[in-house]
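Novice: Input: one structure, supplied below.
The values are calculated or read from the model by the stated rules, or taken from the named source; none is laboratory data. Because the structure is predicted, anything quoted here is derived from the model rather than measured. All Cβ positions, glycine included, derive from the backbone under ideal geometry; neighbour counts span all protein chains shown.
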Amino acid sequence: MATTAVEAPIVGAASEKVTDKRVVRRRLGPGPRIPGTLWIGPVLLLGLWSLASATGVLDPRTLSEPWVVVETAQRLIADGRLPEALATSAYRAALGLVIGVGVGLALALVSGLSRVGEALIDGPVQVKRAIPSLALMPLLILWLGIGEPMKVITIALGVLIPIYIHTHNGLRGIDSRYAELAETVSLGRGAFVRHVVLPGAAPGFLLGLRFAVLNALLALVVVEQVNATSGIGHMITLASSYGQTEIIVVGLVVYALLGLVADGIVRFTEGKALAWRRTLESH
Amino acid sequence: MATHAGESLTASEGPAVRVEGLRRSFSEAGGVLNGLDLTIERGEFVALIGRSGSGKSTLLRALAGLDRSVSGSGVVEVPERVSVVFQDSRLLPWRRVLDNVVLGLSGADARARGLEALAEVGLGGRDQAWPHQLSGGEQQRAALARSLVRDPQLLLADEPFGALDALTRIKMHKLLENLYAAHHPAILLVTHDVDEAITLADRVIVLVDGVVGSDIRIDLGATRSPGDPRFASLRAQMLAELGVVESVEEEVA
Ligand SMILES: Nc1ncnc2c1ncn2[C@@H]1O[C@H](COP(=O)(O)OP(=O)(O)O)[C@@H](O)[C@H]1O
Ligand SMILES: [Mg+2]
């Protein structure tokens with residue numbers, strides 16, 4: 001409630017500014033990138049949080065002060081708890097991601113390149129798609145127990161679906177004229193997959209990968225709250241029962257960083273792998 | 001283009017292309033090709049003209065072996081190395097120009113040969129460009145390089161210059177003439193442009209009702225000009241075959 005008082009002047013200032021309509025009309029694309037714009041929002045939010053904590057508007061029992069969070073993070077790093085938890089969580093997420101991507105990609109290729117494969121694979125995957133991966137957890141716990149296999153497989157299941165859907169879409173969207181070309185230059189099956197199918201499906205795959213990374217993180221958060229004895233989720237659950245908001249915030253920040261780093265890697269790969277494309281993004 | 005007669009025919013054991021009784025149909029109603037016969041000698045440059053929908057592409061695809069799903073019958077004999085140039089350059093957008101040119105080639109010298117072919121079509125130095133960075137004419141040059149680097153005995157081209165502007169097309173005619181003089185494959189050039197056919201080919205075939213309607217030898221020598229009265233009369237003859245009455249015919253003749 002109190003934060004509205006802080007926000008109000010900013011909103012007022014923005015609405016008073018005269019918009020230059022010509023800039024809007026100049027081109028239909030979003031225009032060139034403004035460097036550093038990604039950080040304006042988060043920095044502003046951090047400023048608000050500091051202000052609210054410093055003025056006492058924000059009770060530390062609701063949300064710890066930013067500097068306390070930073071101190072706590074330093075302490076957790078120094079005593080090794082955070083690095084260990086992070087390593088455990090990152091390993092879980094990465095393993096689930098790798099397995100999910102591998103299986104999703106393989107299924108998409110088989111289903112995209114052969115009608116028999118499609119008949120066998122597409123249906124079950126679409127059915128699986130309708131069931132949220134997290135809803136399968138009770139069954140997975142029953143089958144695999146509450147150990148690492150259950151956690152990794154839950155993550156992999158969440159990853160597999162977007163990878164499959166988007167790669168399959170990308171595959172089916174490849175212009176059949178390229179298949180014709182491949183025939184005229186006598187490409188073999190393997191070379192056809194390497195030169196036409198994989199690069200042609202890459203935009204779809206990379207889009208799927210971005211969703212997959214989000215899903216992996218989401219699944220990670222959930223599986224770590226189910227009887228985890230290690231990892232960021234365990235750290236957060238423990239802090240929650242002791243009312244240590246600063247540790248919870250540190251955990252959340254680490255989750256966010258995990259997500260940002262993973263997304264950044266995917267975007268970077270996208271930029272490299274899709275350099276051949278002319279899109280609004282690059283012009 | 002008529003300067004090659006007799007060359008390299010000595011070593012041959014037969015024509016480059018032999019087609020007998022070729023039938024192709026897409027529906028029960030009627031065939032697109034109705035028992036077509038065609039022979040192309042080694043190193044011969046043949047142009048194929050015909051109205052839109054007359055089956056030119058269907059014939060070319062049959063020769064290229066791209067029509068396995070089409071019902072039909074007949075004998076088709078083509079050489080071992082056949083290259084195809086399409087109306088669109090069909091460069092893979094995700095492969096650089098050189099990688100497109102050497103697509104499917106193996107061997108240590110593939111890239112060197114690719115670079116050579118690019119230089120030959122006037123694209124030296126553009127080997128690392130992406131296809132979308134080339135103009136329409138340049139893309140078609142790259143497509144020509146891709147077909148030539150395979151040292152084809154038969155080059156099939158389906159309206160390769162159809163999407164280009166008039167000036168670029170004239171340049172491409174020159175290029176194709178030079179490439180033909182240097183490599184001497186048999187060529188089947190599908191075109192809707194009668195002047196292009198007369199300018200480039202040794203022989204022009206008019207496709208009518210799914211068979212060869214007429215087979216016209218072009219004996220105009222190496223330099224051909226549309227102003228030449230013989231050129232004009234050939235054009236009038238072909239347009240008449242195609243069912244087009246040329247209004248300016250009298251003036252030229
Ligand atoms: N894949 C196809 N399916 C059905 N009909 C086709 C197909 N390809 C061509 N045709 C038909 O066959 C006829 C000849 O086509 P085409 O060989 O492409 O003509 P051209 O190249 O001379 O313009 C046309 O009537 C066309 O509609
Ligand atoms: Mg055609």
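Novice: I need the helices (runs of 4 or more DSSP H) fully contained in segment A:184-268, keeping only those with at least 3 residues that are within 14 Å of chain B (Cβ to nearest Cβ) and of a type outside the set (A, V, I, L, M, F, W, C).
Specialist: In segment A:184-268, A:198-225 are the helices (runs of 4 or more DSSP H) which contain 3 or more residues that are within 14 Å of chain B (Cβ to nearest Cβ) and of a type outside the set (A, V, I, L, M, F, W, C).
Novice: Filter segment B:68-91 down to the residues that are more than 21 Å from B:Asp151 (Cβ to Cβ) and either of a type outside the set (S, T, N, Q) or in a helix (DSSP H, G or I) (or both) and list them by number.
Specialist: Correct list: B:Arg68, B:Val70, B:Gly72, B:Gly74, B:Val75, B:Val76, B:Asp88.
Novice: Hey, another quick one. (1) away from chain A (no Cβ under 14 Å); (2) at negative phi: which one isn't true of B:Gly122, the others all being true?
Specialist: It is condition (2) that B:Gly122 fails.
Novice: Something else about it: Of these, B:Leu175, B:Leu134, B:Leu156, B:Leu179, which one is closer than 29 Å to B:Gly107 by Cβ, crowded, with 24+ Cβ neighbours inside 10 Å and either without any contact (Cβ under 8 Å) to a residue 60 or more places away in the chain or not basic (Lys, Arg) (or both)?
Specialist: Details: B:Leu175 fails: crowded, with 24+ Cβ neighbours inside 10 Å; B:Leu134 fails: crowded, with 24+ Cβ neighbours inside 10 Å; B:Leu179 fails: crowded, with 24+ Cβ neighbours inside 10 Å.
So the residue among B:Leu175, B:Leu134, B:Leu156, B:Leu179 that is closer than 29 Å to B:Gly107 by Cβ, crowded, with 24+ Cβ neighbours inside 10 Å and either without any contact (Cβ under 8 Å) to a residue 60 or more places away in the chain or not basic (Lys, Arg) (or both) is B:Leu156.
Novice: If you don't mind, another one. Which of the residues that make up segment A:140-164 are touching a residue at least 40 places away in the same chain (Cβ under 8 Å), in a helix (DSSP H, G or I) and surrounded by fewer than 21 Cβ atoms within 10 Å (Cβ to Cβ)? Write out each step before concluding.
Specialist: At the first step, the residues of segment A:140-164 found to be touching a residue at least 40 places away in the same chain (Cβ under 8 Å) are A:141, A:146, A:148, A:150-164.
Subset that is in a helix (DSSP H, G or I): A:141, A:148, A:150-164.
Those that are touching a residue at least 40 places away in the same chain (Cβ under 8 Å), in a helix (DSSP H, G or I) and surrounded by fewer than 21 Cβ atoms within 10 Å (Cβ to Cβ): A:Ile141, A:Glu148, A:Met150.
Novice: Let me ask another. Would you point out the residue of segment B:69-101, among those that are of a type in the set (Val, Ile, Thr) and crowded, with 16+ Cβ neighbours inside 10 Å, that is nearest to the other protein chains (Cβ to nearest Cβ)?
Specialist: By that ranking, first place goes to B:Val84.
Novice: Is at least one residue of segment B:148-156 touching a strand residue (DSSP E or B) at 6+ places or on another chain (Cβ under 6 Å), within 14 Å of chain A (Cβ to nearest Cβ) and within 16 Å of ligand 2 (Cβ to nearest atom)?
Specialist: yes
Novice: Kindly list, by first and then second residue, each pair from a residue in segment B:37-65 that is under 21 Å from B:Asp219 (Cα atoms) to a residue that is among the aromatic types (Phe, Trp, Tyr) and more than 16 Å from ligand 1 (Cβ to nearest atom), limited to pairs with Cβ atoms under 8 Å and residues at least 6 apart or on different chains.
Specialist: If the second residue must be among the aromatic types (Phe, Trp, Tyr) and more than 16 Å from ligand 1 (Cβ to nearest atom), the pairs left are B:Phe45/B:Tyr180.
Novice: For residues that are of a type in the set (Ser, Thr, Tyr) and at pLDDT 90 or above, scanning just segment B:23-51, find the one that is nearest to B:Leu234 (Cα to Cα). Break it down stepwise before answering.
Specialist: Pass one, segment B:23-51, residues of a type in the set (Ser, Thr, Tyr): B:25, B:27, B:39.
Narrowing the set further to residues that are at pLDDT 90 or above leaves B:25, B:39.
Details: B:Ser25: 31, B:Thr39: 21 Å.
Residue satisfying both the conditions and the ranking: B:Thr39.
Novice: Right, here's the next one. Could you identify the single residue in A:Thr229, A:Thr245 that is surrounded by 14 or more Cβ atoms within 10 Å (Cβ to Cβ) and out of contact with any helix residue (DSSP H, G or I) (no Cβ under 7 Å at 6 or more places or on another chain)?
Specialist: Values: A:Thr229 fails: surrounded by 14 or more Cβ atoms within 10 Å (Cβ to Cβ).
Only one candidate qualifies: A:Thr245.
Novice: Would you pick out the residues in segment B:152-166 that are in a strand (DSSP E or B), away from ligand 1 (no atom under 13 Å from the Cβ) and farther than 18 Å from B:His184 by Cβ?
Specialist: none
Novice: Here are the criteria: (1) touching a residue at least 24 places away in the same chain (Cβ under 8 Å); (2) farther than 21 Å from B:Ile205 by Cα; (3) in a loop (DSSP other than H, G, I, E, B); (4) more than 15 Å from ligand 1 (Cβ to nearest atom). Tell me which single one B:Leu98 does not satisfy.
Specialist: (3)
Novice: Check off (1) farther than 30 Å from B:Ala64 by Cα; (2) in contact with a Lys or Arg (Cβ under 6 Å, 6 or more places away or on another chain); (3) free of Cβ contacts under 8 Å to residues at least 40 places away in the same chain for A:Leu181 and give me the number that stays unchecked.
Specialist: (1)
Novice: Within segment B:68-95, which residues are within 16 Å of ligand 1 (Cβ to nearest atom) and over 20 Å from the mean Cα position of the chain (by Cα)?
Specialist: Within segment B:68-95, B:Arg68, B:Ser69, B:Val70, B:Ser71, B:Gly72, B:Gly74 qualify.
Novice: Taking only segment B:230-253 into account, find how many residues are of a type in the set (Gly, Ala, Ser), within 17 Å of B:His192 (Cα to Cα) and modelled with pLDDT of 85 or more.
Specialist: Residues flagged as of a type in the set (Gly, Ala, Ser), within 17 Å of B:His192 (Cα to Cα) and modelled with pLDDT of 85 or more within segment B:230-253 amount to 3.
Novice: For segment B:102-144, give me each residue that is part of a loop (DSSP other than H, G, I, E, B) and under 19 Å from B:Arg169 (Cα atoms).
Specialist: Passing the criteria: B:Val121, B:Gly122, B:Leu123, B:Leu134, B:Ser135.
Novice: So, one more: Every residue in segment B:36-67 that is away from ligand 1 (no atom under 12 Å from the Cβ) and either assigned to a loop (DSSP other than H, G, I, E, B) or small (Gly, Ala, Ser) (or both), please.
Specialist: Scanning segment B:36-67 gives B:Glu41, B:Arg42, B:Gly43, B:Glu44, B:Ala47, B:Ala64, B:Gly65.
Novice: Collect the residues in segment B:53-72 that are within 14 Å of ligand 2 (Cβ to nearest atom) and not hydrophobic (A, V, I, L, M, F, W, C), keeping them in residue-number order.
Specialist: Selection gives B:Gly53, B:Ser54, B:Gly55, B:Lys56, B:Ser57, B:Thr58, B:Arg61, B:Asp67.
Novice: Given segment B:173-224, what strands (runs of 3 or more DSSP E) lie entirely inside it while holding 2 or more residues that are within 16 Å of ligand 2 (Cβ to nearest atom) and aliphatic (A, V, I, L, M)?
Specialist: Qualifying strands (runs of 3 or more DSSP E): B:186-190, B:203-208.
Novice: Are there any helices (runs of 4 or more DSSP H) wholly within segment A:32-136 with 3 or more residues that are without any contact (Cβ under 8 Å) to a residue 40 or more places away in the chain and within 30 Å of A:Arg194 (Cα to Cα), and if so which? Before you say what the answer is, go through the steps one by one.
Specialist: Values: elements: A:37-54, A:66-78, A:81-113, A:115-130.
Correct list: A:81-113, A:115-130.
Novice: In addition: Can you confirm whether segment A:167-180 contains a residue that is facing chain B (nearest Cβ under 9 Å) and touching a strand residue (DSSP E or B) at 6+ places or on another chain (Cβ under 9 Å)?
Specialist: Yes, because at least one residue in segment A:167-180 is facing chain B (nearest Cβ under 9 Å) and touching a strand residue (DSSP E or B) at 6+ places or on another chain (Cβ under 9 Å).
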